[in-house]
Amino acid sequence: MFGTKKEKVLTVTVTDTATEEKWILQGRLGWPWVNQLRGDWRNARRTAEGRKCIVDLSEVTFVDKIGERMLRIMAMQGAQFAGSGAGMKRLIERLVGSDQGVPPWAAKQYN
């Protein structure tokens, strides 16, 4: 018999208020799940209407280079990040403190 293996995925939960969007990311932020986040982000930006956007990374268990690049794009477009743990705090510092590594065309692509 073959054993079953729980698939590692990304879950995105978005709650909206009149002044704020809160995104809670859970799981693995890597390929191919970054595509899901990219689509969700693109759709949300169309309807954001100037609301503040908070992205909670506390329950993210893994971020690859593609995931980090997507988070950088989100930061460049106004997302603010929250997270816990030393590794996640270092990631957030890198995202907020630097926009290097994202070519200008990439940031514009998701507007």
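The values are calculated or read from the model by the stated rules, or taken from the named source; none is laboratory data. Because the structure is a prediction, the values reported are computed rather than measured. Here the Cβ positions follow ideal geometry from the backbone for every residue, glycine too, while neighbour counts run over all protein chains shown.
May I ask you to list pairs of residues, at least six apart or on different chains, whose Cβ atoms are under 6 Å apart, with the first in segment 63-89 being in contact (Cβ under 8 Å) with a residue 40 or more places away in the chain and the second being of a type in the set (Val, Ile, Thr)?
Partner pairs satisfying both residue conditions: MET70/VAL34; ALA79/VAL55.
Of all residues being of a type in the set (A, V, I, L, M), at pLDDT below 80 and in contact with a Lys or Arg (Cβ under 8 Å, 6 or more places away or on another chain) in segment 76-108, which is farthest from ALA48 (Cα to Cα)? Just the residue, please.
Filtering first and then ranking leaves VAL102.
Just for segment 13-33: of the residues that are of a type in the set (Gly, Ala, Ser) and part of a loop (DSSP other than H, G, I, E, B), which one is surrounded by the fewest Cβ atoms within 10 Å (Cβ to Cβ)?
ALA18
Scanning segment 37-75 for residues that are modelled with pLDDT under 90 and in a helix (DSSP H, G or I), which turns out nearest to ALA18 (Cα to Cα)?
The selected residue is THR47.
Got a number for residues in segment 76-91 being part of a helix (DSSP H, G or I) and either within 22 Å of ASP16 (Cα to Cα) or of a type in the set (Asp, Glu) (or both)?
1
Can you tell me which of THR11, THR15 is in contact with a Gly (Cβ under 6 Å, 6 or more places away or on another chain) and at pLDDT 90 or above?
THR11
Can you go through VAL14, VAL55, VAL34 and tell me which one is among the β-branched types (Val, Ile, Thr), touching a helix residue (DSSP H, G or I) at 6+ places or on another chain (Cβ under 7 Å) and farther than 19 Å from LEU95 by Cα?
VAL14
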